[in-house]
1. If you wrap the stretch 146-304's Cα atoms in a convex hull and average its projection over all directions, what's the area in nm²?
2. Rounded to the nearest 0.05, what FRET efficiency do residue 65 and residue 151 have when you use their Cβ-Cβ distance and R0 = 35 Å?
3. Hey, what's the stretch 162-280 come to in accessible area per residue, 1.4 Å probe, Å²?
4. Test of understanding: what is the full-extension gain from residue 204 to residue 303, defined as 0.36 nm times their sequence separation minus their Cα-Cα distance?
5. Report, for the chain, the % of DSSP beta bridges that are antiparallel, rounded to 5.
6. Could you work out the percent of alpha carbon pairs in the chain separated by over 23 Å, rounded to a whole number?
7. Calculate, for residue 195 and residue 122, the FRET efficiency according to 1/(1 + (r/R0)^6) with r their C-beta to C-beta distance and R0 51 Å; round to the nearest 0.05.
8. When the accessible area of the chain is computed with all protein chains present and a 1.4 Å probe, what percentage of it is carbon and sulfur?
Amino acid sequence: MLYYLEPNKDYRNDSLRHGVDFSPEDIRVDTAKHYDDCYWDYRTAWFNNENLALHYGYWDKNTKTHAEALLNKNRILAEIADIKPEDHVLDAGCGIGGSSIWLAKHVGCRATGITVSAKQVEHAKRNAKRHGVSDKVDFYEADFCKTPFPDESFDVVWAVESSCYAIDKRDFFRESYRLLRKGGTLIACDGYTTRREFNEEEWRAVMDCLNGWAVPNLASVEEYQAGMEECGFRDVHITEATAETMPSSRRMYRIALWTYPMQLTMQWLGLRSKAQTANFKVALAQYKVFRDGLVRYCIFRAKK
């Protein structure tokens, strides 16, 4: 039996809440609750106080450690986007502030981060103060498909593994286009599906990824580019980064294998929330989808 993953449809069927239809507010609550519930999982197994990263790393020949790879992702994206000290960057889906803080410290630009989680806003503000960049960064609770900012407020919109949370990615592109000044840049990176049909085993892995990270669906590279261009963007440039992402994917997988007995025990004792259990399952499934070529990782840059 084959399963078909349609674009622009919400496939979450076993996420943090049960129900057939998710309203926009449901989706925001679901996403926020995932990251709030799983904060300490990420804190203990993934990021440190310097990188503050909830994303995959970028491994190149000079990268020696996982922590370096997470910081390296910021450097690569900033170089591809050609961000200047005088730019104002919207960090769309800022998490706990890692990229915004890195940009302020290492590029010298202003950054405004938005997230649907009020708790992440508080984390990000504390992290910015600790890193000494509170004067260069601001953080707000907001939906990146419908922000409170005026037209042409930013020089760069930055989306690290966040635009996947838009059911229809064009909603994010339209808002980004509105917010960018003429000549501004949209820089985004994520995992993208390589096909639409899957057998039963592959489908389970894809669904574990979507449910585990509270993501509604996956776009293909071709659909993502077409959506950008439909919404007015030009000069779309794509950087393939699957090979540079795989070491992070393997690391996540190995951590899940090492902690499997602990996960089972704590789950049995009722010490793991639904979101944490889903997050554990996705650590196993995400490696399968990358390894088997069901998903590729790319960096997009486009101009207004």
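1. Its average projected convex-hull area is 10.4 nm².
2. Calculated value: 0.25.
3. Roughly 45 Å² per residue, with all protein chains present.
4. Net length gain for the segment: 32.0 nm.
5. Within the chain, antiparallel bridges account for around 45 percent of the total.
6. 54
7. Calculated value: 0.80.
8. For the chain, the apolar C and S fraction of the accessible surface comes to 52 percent.
The values are calculated or read from the model by the stated rules, or taken from the named source; none is laboratory data. Just so we're clear, the structure is a prediction, and the values are computed from it rather than from any experiment. When we count neighbours, we look across all protein chains shown, and the Cβ atoms used for this are built from the backbone with ideal geometry, even at glycine. Just so you know, the surface numbers come from the protein's heavy atoms only, side chains and all, with ligands and any DNA or RNA stripped out. Shrake-Rupley method; radii C 1.70, N 1.55, O 1.52, S 1.80 Å.
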